1. Using Cα-Cα distances under 8 Å and only pairs 6 or more residues apart, what relative contact order does chain A have, in percent?
2. As I understand it, the value is the acute angle between the Cα axis of helix B:311-324 and the longest principal axis of the Cα atoms of chain B; what does it come to in degrees, rounded to 10?
3. Test of understanding: express the Cα radius of gyration of the stretch B:311-417 as a ratio to 2.2 N^0.38 Å, with N the residue count.
4. Output the pairs from A:K33/B:K371; B:K153/B:K290; B:K66/B:K332; A:K50/B:K371; B:K4/B:K388; B:K12/B:K66 with a Cα-Cα distance over 31 Å in this structure; if there are none, say none.
5. Just to confirm the number: angle between the C-alpha axis of helix B:373-386 and the first principal axis of chain B, 0 to 90 degrees, nearest 10?
6. Hey, got a sec? Which chymotrypsin sites (Phe, Trp or Tyr not before Pro) in the stretch B:123-177 land in a DSSP loop and have at most 16 other Cβ atoms within 10 Å?
7. I'd like the mean, over residues of A:36-44, of how many other protein chain beta carbons sit within 10 Å of each residue's own Cβ.
8. Once each part is reduced to its C-alpha centroid, what is the distance from the stretch B:214-272 to the stretch B:82-127 in angstrom?
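The values are calculated or read from the model by the stated rules, or taken from the named source; none is laboratory data. The structure presented is a predicted model; accordingly, all values stated were derived computationally and were not measured. Cβ atoms come from the backbone with ideal geometry, glycine included; neighbour counts cover every protein chain shown. Please note that ligands, DNA and RNA were not included when accessible areas were found on the heavy atoms of the full protein model with its side chains. Shrake-Rupley method; radii C 1.70, N 1.55, O 1.52, S 1.80 Å.
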Amino acid sequence: MQIFTCPFCGPRSETEFHFVGDFPKPRPDGMAKVSAEMWSDYLHNQNNPKGAASELWMHMACHEIFRMDRHTVTHEVTGSYALSSEAQS
Amino acid sequence: MMKKYSALTLFKEGLNNQKGWVPAWRTARPKSRYDVVVIGGGGHGLATAYYLAKNHGITNVALIEKGWIGGGNTGRNTSIVRSNYFYPESAQLYDLALRLYEGLSKDLNYNIMLSQRGMLHLAHSPAEMEIAARTVNAMQINGIDAELCDVEKVRSLVPDYNFSPNARYPVYGGVLQPRGGNARHDAVAWGYARAADNLGVDIIQNCEVQGFIIENGVCHGVKTSLGDIRADRTGMAVAGHSSVLGAMAGFRLPINSYALQACVSEPVKPSLDCVILSPATGTYVSQSDKGEMIIGGGLDRISSYGQRGNLPMLETVIAGLMEMFPSYRQLKLMRQWAGIVDVVPDSSPIIGESPLPGLFLNCGWGTGGFKAIPAGGTLLAHLLATGKHHDISRPFDLDRFTRGRMIDEGGASGIAH
Ligand SMILES: Cc1cc2nc3c(=O)[nH]c(=O)nc-3n(C[C@H](O)[C@H](O)[C@H](O)COP(=O)(O)OP(=O)(O)OC[C@H]3O[C@@H](n4cnc5c(N)ncnc54)[C@H](O)[C@@H]3O)c2cc1C
Ligand SMILES: [Zn+2]
């Protein structure tokens, strides 16, 4: 069992966390102008890197979404960040 | 020329102290150019190479594998074959595979040990029985064999199952596909390799693709650890590593890689004569010809390229097994392992030309592509030979994500193996 750190609740069991997607993942702006290709890319395509990854995760106990940096082969976690502080930096 | 395998050659070799066997395929060095390069020596890549030669007469083909053939998911799966899907597109695809499997030992002159002992998918409530009836109807309309079983039929198929009145997940019945079952996974890889080699395909192991030769926006082959290899057309069937190769080619895919685990028990006397899956526990189990219980379940929860597997899912799967077969508590686990599978949002494969012209995809099989190997190979070979879709592969093109025409088998047929 691996321990992940929620920026709000601290170290918790991996089973409490849910993978959301890539970080950053900006939503395309301006409904009318966005092509089907751009929507499809935003909705479905993933970076899915082998190695260092920046991802969005949800801690299901507090329902906060945050950023976690980790290695997808070794599973080593190098940082968890609240999104608000991230957005300000 | 390939030495034909038969009961007679086995007998003769017995008298000959087994001294007359020759390697089943050559150790090939890569040439600098081929008509077609196929990346990935799993079942799908090997079958593609074989059908290019057999169905299309294209024999100037290289099959490139970074490790050893069958060392990926093809040699790590729980070897279940079936075609009990819901949508007509999937039924056509997976039943093509099953029909080809039914003739494969003969076609390849290699015993793939296909055992059609039946695949039973349980129902645990009256509501699940209604869905089971709907599934059976859909399968029968698609021309696939399917039987709706009541609890007595289930009892006759799996007498050791937990039918106790206070079972946490009582059995109401299930869906049986009698033609489902198992095949020997290594034999599928080795049989295709031997037959492809015999038709002239170069099987190149320990050769990693590290990039693509791209000229004027078109793929003209691959850059490998053994040098550049040019080709008119390139196919890739690299499962969990599809995004890694996609990044080399300059595109992203709707894929996340996850570890999927399995484990086997010590061998015991024959006691389980079908493949059984409980959607409530998420666990499925069958008994190998050696007697081991082969146990599997759902994906790990964390996307990963670590070919190990995490403990929480293993615990869930084993707890499910204990609930289903309390007598299996006495069994010792012998081995546990994982493979990295390519998970797509609608749990259906991607077959078609990639965003890089000249490079063709066979990926996204996720947790359930072993059963599809003969079809995946047939369809990718058709694309590589003709540049056009086969009718059966058309719905599975990458464009379905832009067109919004998903084939959502994740929802329609539950966890897929
Ligand atoms: C535990 C487990 C249980 C499963 N159970 C079932 C089941 O019961 N039934 C079922 O139908 N399916 C099952 N599956 C899924 C099934 O195993 C896969 O969908 C199927 O084997 C995929 O075949 P493939 O040929 O596409 O991939 P693989 O067999 O994984 O082959 C891909 C190959 O590509 C090679 N490769 C990767 N990158 C490169 C590179 N850069 N250069 C060269 N080569 C490269 C890899 O080394 C690998 O050998 C299971 C999978 C797992 C892990
Ligand atoms: Zn939290």
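1. Relative contact order of chain A: 27 percent.
2. Approximately 40 degrees, to the nearest 10.
3. On the way: Rg = 18.1 Å, N = 107, 2.2 N^0.38 = 13.0 Å.
Here the Cα radius of gyration is 1.39 times the empirical estimate.
4. Long pairs (Cα-Cα over 31 Å): A:K33/B:K371; B:K66/B:K332; B:K4/B:K388; B:K12/B:K66.
5. 30
6. Sites meeting the loop and neighbour criteria: B:F163.
7. Working: counts 5, 3, 1, 3, 8, 5, 0, 5, 12.
Across the residues of A:36-44, the mean count of other-chain Cβ atoms within 10 Å is 5.
8. Here the answer is 24 Å between Cα centres.
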